[in-house]
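Written below as structure tokens is the structure these notes are about.
The values are calculated or read from the model by the stated rules, or taken from the named source; none is laboratory data. Everything quoted here is computed from the prediction, not taken from an experiment. Backbone-built Cβ (ideal geometry, glycine too); neighbour counts: all protein chains shown.
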Amino acid sequence: MLGLLRAAAAAMSAEQARVDLVAHNLANAQTVGFHRLVVALRSGEPGQVYRRDAGVVVGTRGSGPSAPQGTVDLRPAVPVPTGAPQDLAVEGGGFVLLEGGRLTSGGRLGVDAQGFLTLAGVRVQGADGPVRVSGLPRVRSDGQVEDAGRVVGRLRVVRAAPGSLGVSGPGVYTAPASAVQDAAVPVRQGARAQPATNPVEELVQLIAGSRAYEAAARCVQVADEVASRLAEVARL
């Protein structure tokens, strides 16, 4: 009985986490450079089943899923042309490396108070360090930054290993240095990095998660009813 309750509680926790992440995805469906979050689950440690009269092991049973964790979906953002030179998007699932090891697949270009190029509000970490510009530059498809007709640096475009990304802010992520590698991925100035989030798919996941949570809660209710009846029988 306790095993059933533990498994049901773990399932309820996992489905609640899924519903929360789906709601987060829907709320950020229009956030530039956003990548949807999904629930990553692993099966719990199996437990042994004993035969009461003999005390021997007759098999194993699952203990329910482990604690749910959110992971970043690496599906590429969709570049949507805007014609605005402040907009920048990375194609093919790549990311621009920013200061402090942060990553983004697109955002608004800018220049900070010290004259360094920024993307999504964070200073760009170019191939040779921060990129200093005199104004909003032109960014070529290969990542080279052209300021007043002169190449002053190059964006460092990378790919990240699956499961390595952590969330740093809206459309900005982090990853260990060992999990990123340089990639020959084109960038597009004048394009918006539209998240690859399908609202219909997310709504389906929301409904499925809610129903699965209700089913697990029903298991807890049934187990409680059975335990109450057994207690009544024991008192007779």
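Residue count for the stretch 8-40 satisfying the condition of being polar (S, T, N, Q) and closer than 20 Å to Gly121 by Cα: 3.
Scanning the stretch 63-103 for residues that are charged (D, E, K, R), closer than 13 Å to Val158 by Cα and modelled with pLDDT of 95 or more turns up just one, Arg102. Part of a strand (DSSP E or B) and surrounded by 15 or more Cβ atoms within 10 Å (Cβ to Cβ): is that true of Gly93 in this structure? So Gly93 does not fit the description; no. A Cβ distance below 6 Å, combined with a sequence gap of six or more or placement on separate chains, defines the contacts here; from the stretch 133-151, residues that are assigned by TED's automatic domain parsing to the domain that holds Val185 and touching a residue at least 40 places away in the same chain (Cβ under 8 Å) reach residues that are of a type in the set (A, V, I, L, M, F, W, C) and in a loop (DSSP other than H, G, I, E, B) in the pairs Gly143/Leu155.
Regarding the stretch 46-61, can at least one residue be identified that is modelled with pLDDT of 95 or more and of a type in the set (D, E, K, R)? Scanning the stretch 46-61 turns up no residue that is modelled with pLDDT of 95 or more and of a type in the set (D, E, K, R).
Restricting the stretch 200-229 to residues that are touching a residue at least 12 places away in the same chain (Cβ under 8 Å) and not hydrophobic (A, V, I, L, M, F, W, C), the residue that is farthest from Leu103 (Cα to Cα) is Tyr213. Scan the stretch 188-199 and report the pairs whose first residue is under 12 Å from Gly107 (Cβ atoms) and whose second residue is among the hydroxyl-bearing types (Ser, Thr, Tyr) and not in a strand (DSSP E or B), with Cβ atoms within less than 6 Å and a gap of 6+ or a chain change. Cβ pairs passing all conditions: Arg192/Thr82; Ala193/Ser105. From the list Glu202, Glu225, Glu214, which residue is within 16 Å of the chain's Cα centre (by Cα) and in a helix (DSSP H, G or I)? Being within 16 Å of the chain's Cα centre (by Cα) and in a helix (DSSP H, G or I) holds for just one of Glu202, Glu225, Glu214, which is Glu202.
Within the stretch 168-184, one or more residues are more than 28 Å from Ala27 (Cβ to Cβ), in a helix (DSSP H, G or I) and in contact (Cβ under 8 Å) with a residue 40 or more places away in the chain.
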